[in-house]
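These notes are about the structure you will find just below.
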Amino acid sequence: MSTTPSPETAAVASKAIEPVSMSLHDSDFEAFADRLGTSFKRYGFAVIADHGLDEAVIDAAVADTKAFFALPEETKRQYHQPGTGGARGLTPFGVEAAKGAATVDLKEFWHVGRELPTGHPYRKYMRDNVWPTEIEGFRPHLYGMFAAMDALGRKILRAIARYLQLGDDFFEDKVEMGNSILRMLHYPPVPAGASGVRAGAHEDINVITLLLGAEEAGLQLKDADGEWLDIAPPPGALVVNIGDMLQRLTNHVLPSTSHRVINPTPERASFARYSTPFFLHFNPDFVIETLPGMISETNPDRYAGKAIMAEDFLTERLREIRLI
């Protein structure tokens with residue numbers, strides 16, 4: 001699973017996920033929710049065009065990220081906090097691995113999380129952010145991107161709630177102070193004969209993930225028929241996928257799909273890859289329990305008697321991917 005795919009296993013299906021324009025959110029919310037939900041139910045993924053995020057905010061955050069990862073290794077390592085599950089700051093190259101993988105992923109990343117006021121009860125679950133002093137503007141630029149992605153994610157959740165006939169505001173009080181993470185990812189150039197891949201096949205832990213397109217190709221999802229499908233959003237679009245928490249809550253009505261980032265072709269191996277996933281999480285004390293409306297004779301409750309608090313689910317999964 002974590003070795004470089006052969007030409008046969010790297011082959012992808014010819015089909016593509018049809019983008020849904022965010023402009024439809026305001027002009028025909030019912031149609032937006034239906035198209036988005038249909039894509040999620042089929043693939044576990046959707047592509048959203050015209051996302052509306054401020055390109056200046058994105059560009060500033062990405063530029064600062066590239067500047068940080070270009071710093072000397074000993075400088076970057078000052079911002080690594082061992083034993084914290086990579087919750088904030090730097091997770092160095094070669095630490096995280098896909099669940100069950102024999103080798104680590106070929107990546108390093110920076111995490112930004114929600115900033116809480118002094119005395120907030122969720123501070124026992126969420127650590128303070130750490131900020132590098134070497135990059136001017138790093139804090140406002142990256143936290144500005146966190147806030148923008150958080151707001152967009154909540155709009156997307158309203159559409160998911162509509163699709164599932166839960167009431168548009170169903171998720172609002174369950175994610176308003178969620179333990180969400182903005183991950184700034186750096187995949188360095190891949191040397192010939194490298195062991196492992198940029199990101200082994202895995203599913204995301206959280207509720208939904210919002211991913212802005214990378215400059216370099218490589219993202220693939222595993223379709224229901226077992227084929228790997230390239231995901232290459234057009235300019236101005238982002239990829240959204242269902243995470244394990246939402247899959248569990250909906251009793252797999254919305255699937256959390258396996259995906260990976262394969263190594264580049266030889267002619268692109270000397271190029272780094274950057275991407276910016278936002279992992280939207282439930283509030284830490286939200287209890288994930290199968291929604292009654294997602295249970296039927298043909299879809300019996302997979303998690304009967306197995307309710308789990310979001311924070312406990314997160315901790316369990318972080319151990320599986322070697323971050324704890």
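Tabulated results
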{"item": "Residue list for the stretch 247-296, restricted to those being at pLDDT below 95, touching a Phe, Trp or Tyr at 6+ places or on another chain (Cβ under 8 Å) and of a type in the set (Phe, Trp, Tyr)", "result": "Tyr274"}
{"item": "The stretch 47-69, subset open to solvent by 80 Å² or more (accessible area, probe 1.4 Å) and outside any helix (DSSP H, G or I), residue nearest to Phe93 (Cα to Cα)", "result": "Asp54"}
{"item": "Residue count for the stretch 165-185, restricted to those that are open to solvent by less than 20 Å² (accessible area, probe 1.4 Å) and farther than 17 Å from Gly113 by Cα", "result": "1"}
{"item": "The stretch 206-245 - residue that is assigned to a strand (DSSP E or B) and open to solvent by 10 Å² or more (accessible area, probe 1.4 Å) and, of those, nearest to Val57 (Cα to Cα)", "result": "Leu212"}
{"item": "Number of positions in the stretch 28-41 that are hydrophobic (A, V, I, L, M, F, W, C) and open to solvent by less than 10 Å² (accessible area, probe 1.4 Å)", "result": "4"}
{"item": "Output for the stretch 138-155, where each listed residue is out of contact with any helix residue (DSSP H, G or I) (no Cβ under 7 Å at 6 or more places or on another chain) and closer than 23 Å to Thr38 by Cα", "result": "Met149, Asp150, Ala151, Leu152, Gly153"}
{"item": "Matching entry among Gly119, Gly86 (being without any contact (Cβ under 8 Å) to a residue 12 or more places away in the chain and part of a loop (DSSP other than H, G, I, E, B))", "result": "Gly119"}
{"item": "Cβ pairs under 9 Å, 6+ apart, first in the stretch 192-206 and more than 14 Å from Ile321 (Cβ to Cβ), second part of a loop (DSSP other than H, G, I, E, B) and modelled with pLDDT of 90 or more", "result": "Arg198/Lys107"}
{"item": "Single residue of the stretch 263-302 satisfying the filter (within 28 Å of Trp228 (Cβ to Cβ) and aromatic (Phe, Trp, Tyr)) that is surrounded by the fewest Cβ atoms within 10 Å (Cβ to Cβ)", "result": "Phe271"}
{"item": "Thr103 among the hydroxyl-bearing types (Ser, Thr, Tyr), modelled with pLDDT of 95 or more, surrounded by 12 or more Cβ atoms within 10 Å (Cβ to Cβ) and over 30 Å from Leu164 (Cβ atoms)", "result": "no"}
{"item": "Selected residue [over 26 Å from Leu219 (Cβ atoms) and either open to solvent by less than 20 Å² (accessible area, probe 1.4 Å) or modelled with pLDDT under 95 (or both)] from Gly44, Gly94, Gly113, Gly83", "result": "Gly83"}
{"item": "Test result for Ser6, polar (S, T, N, Q) and modelled with pLDDT of 95 or more", "result": "no"}
{"item": "Tabulated pairs, the stretch 238-258, first on the phi > 0 side of the Ramachandran plot, second of a type in the set (Lys, Arg) and modelled with pLDDT of 95 or more, C-beta under 7 angstrom, 6+ apart or interchain", "result": "Asn251/Arg302; His252/Arg302"}
{"item": "Looking only at the stretch 26-60, and only at residues there that are touching a residue at least 60 places away in the same chain (Cβ under 8 Å) and small (Gly, Ala, Ser), the one that is nearest to Val240 (Cα to Cα)", "result": "Ala46"}
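The values are calculated or read from the model by the stated rules, or taken from the named source; none is laboratory data. Not measured: the values here are computed from a predicted model. All Cβ positions, even for glycine, are placed from backbone atoms using ideal geometry, and neighbour counts span all protein chains on display. Note: areas computed on protein heavy atoms with side chains; ligands, DNA, RNA excluded. Shrake-Rupley method; radii C 1.70, N 1.55, O 1.52, S 1.80 Å.
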